[in-house]
Amino acid sequence: MDFNMSEEHEAVQDAARDFAQNVLLAGVIERDNDQKFDRTLIKKMGDLGFLSMMVKPEYGGGGMDTISYVIAMEEISKVDASAAVIMSVNNSLVCWGIQAYGTEEQKKKYLTRLSSGDEIGAFCLSEPEAGSDATSQHTTAEDMGDHYLLNGTKNWITNGNSSEICLVMAQTHPEKGHKGINVLIVEKGSPGFMVGRKEDKMGIRASDTHTLMFTDVKVPKENRIGEDGFGFKFAMTVLNGGRIGIAAQALGIAAGAFELSLKYAQERKTFGRPISDHQAIQFKLAEMATRIEAARLLVYKAARLKDQGKNYIQAAAMAKLFASDVAMWVTTEAVQVHGGYGYVKEYHVERMMRDAKITQIYEGTSEIQKLVIARELLK
């Protein structure tokens, strides 16, 4: 085992930290208040390679490993979790899914566009009755010969309004259950494709989350990924990798809140001494740092297994389960360390606490992660 970063990984970390601290930080509170992410920032993320880190260079990506990706995710999540989830969906779910299972024509047509930052992607699995139970797909894709006719509703879709390319899971053969589901590449602007209401969320407020509606949308057969009925397996496989990205996001939220707490504790004085001199605060900082380091090792292990081509299902679920709990605990303690200042927006940690909660919910709730871990253990 080697716990040291390579020079390439250090370069990725430096670039991501520089972008987060010098570009994202300045307007992060305003973006949270306005519930809007500046499109020019998405373009900058694309220009810097953060939207296609694992995409092969021939398709416009960086050709990097998963370790590089989680390193960058952590640094960006330290400052802006909304930027990080835009990055996560585009990298882990959309680009990786197309690259792993798409045809050569699909890769050439879509990956270059998704890599540049000119366009971004969305992953459309959840429905009003299909959250944790992803098999209950009521969105249908009727086989019409040379195309599918898509009808249904998807909700909780990250990048729902800002995306141009959507991967949509839909049921084609209801009698086959989950083996009848297909995944289709659907482009924004297709007749019958409508963007519904925007969710008013507790956290990651700058990331747009929308309901998407499809009414007799014609999707060419060449836009199906994989064989007929491959959609559910595609979704589950892609989500296994996506959990690594969300675990890295949770890790970054926790690490960012810790760094702010450490700095504040050394500056804030009570009774004539920095509060970092008080054992009560020292114990909080010590436990925060320890839990964060444990989460980081779990995230890196999952990423390493993925890079090695080994089974990473259990490791990814463990990383997401633990890192999301750490994010929630650390950010709550960060507010406590800041005292009254932690309860106001100016000091950032209240936003981080709100952002942390979603990491226990999306891309598989903590309860689902426990099911995944248990099933892997019992095999």
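Restricting to region 133-151, what's the tally of residues that are open to solvent by less than 20 Å² (accessible area, probe 1.4 Å) and either at positive phi or assigned to a strand (DSSP E or B) (or both)? I'd like the intermediate steps shown before the answer.
Here is the first cut: in region 133-151, the residues open to solvent by less than 20 Å² (accessible area, probe 1.4 Å) are 134, 137, 139, 141, 148, 150.
Imposing the further condition that a residue be either at positive phi or assigned to a strand (DSSP E or B) (or both) reduces the set to 141, 148, 150.
Summing the residues that are open to solvent by less than 20 Å² (accessible area, probe 1.4 Å) and either at positive phi or assigned to a strand (DSSP E or B) (or both) in region 133-151 gives 3.
Considering only region 128-157, state which residues are farther than 18 Å from Lys179 by Cβ and within 21 Å of the chain's Cα centre (by Cα).
Taking region 128-157 first, the residues farther than 18 Å from Lys179 by Cβ are 128-129, 131-132, 144-147, 149-157.
Pro128, Gly131, Ser132, Lys154, Asn155, Trp156, Ile157, listed by residue number.
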Where residues in region 281-324 are among the hydroxyl-bearing types (Ser, Thr, Tyr) and part of a helix (DSSP H, G or I), which of them is least open to solvent (accessible area, probe 1.4 Å)? Ser324
Per the filter on region 328-355, residues free of Cβ contacts under 8 Å to residues at least 40 places away in the same chain and either in contact with a strand residue (DSSP E or B) (Cβ under 7 Å, 6 or more places away or on another chain) or not in a helix (DSSP H, G or I) (or both) are Val344
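If you check Gly27, Gly49, which single one turns out to be modelled with pLDDT of 95 or more, not hydrophobic (A, V, I, L, M, F, W, C) and not in a helix (DSSP H, G or I)? Write out each step before concluding.
Working: Gly27 fails: not in a helix (DSSP H, G or I).
Of Gly27, Gly49, the one residue that is modelled with pLDDT of 95 or more, not hydrophobic (A, V, I, L, M, F, W, C) and not in a helix (DSSP H, G or I) is Gly49.
Suppose we filter Leu111, Leu93 for residues that are more than 18 Å from Val217 (Cβ to Cβ), hydrophobic (A, V, I, L, M, F, W, C), free of Cβ contacts under 8 Å to residues at least 60 places away in the same chain and crowded, with 19+ Cβ neighbours inside 10 Å; which single one remains?
Working: Leu93 fails: free of Cβ contacts under 8 Å to residues at least 60 places away in the same chain.
Residue meeting the stated conditions: Leu111.
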Of the residues in region 35-84, those that are of a type in the set (S, T, N, Q) and free of Cβ contacts under 8 Å to residues at least 24 places away in the same chain come to Thr40
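Give me the residue from region 9-34 that is free of Cβ contacts under 8 Å to residues at least 40 places away in the same chain and open to solvent by 80 Å² or more (accessible area, probe 1.4 Å) and, out of that set, farthest from Ile253 (Cα to Cα). Talk me through it step by step, then tell me what you get.
Restricting attention to region 9-34, the residues satisfying the condition of being free of Cβ contacts under 8 Å to residues at least 40 places away in the same chain are 10-11, 14, 18, 22-23, 26-27, 30.
Subsequent filtering for residues that are open to solvent by 80 Å² or more (accessible area, probe 1.4 Å) retains 10, 14, 18, 22, 26, 30.
Working: Glu10: 20, Asp14: 17, Asp18: 17, Asn22: 17, Ala26: 17, Glu30: 18 Å.
Looking at the filtered set, the residue picked out is Glu10.
So that you can scan it fast, the table gives a plain yes or no per residue for (1) in a loop (DSSP other than H, G, I, E, B); (2) open to solvent by 20 Å² or more (accessible area, probe 1.4 Å):
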| position | (1), (2) |
| --- | --- |
| Val186 | no, no |
| Pro191 | yes, yes |
| Met194 | no, yes |
| Asp200 | yes, yes |
| Lys233 | no, yes |
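The values are calculated or read from the model by the stated rules, or taken from the named source; none is laboratory data. These numbers were taken from a predicted model, which means no experiment stands behind them. Using ideal geometry, Cβ is built from the backbone for each residue, glycine included, and neighbour counts are taken over all protein chains shown. All accessible areas refer to the heavy atoms of the entire protein, side chains included, with ligands and DNA or RNA removed. Shrake-Rupley method; radii C 1.70, N 1.55, O 1.52, S 1.80 Å.
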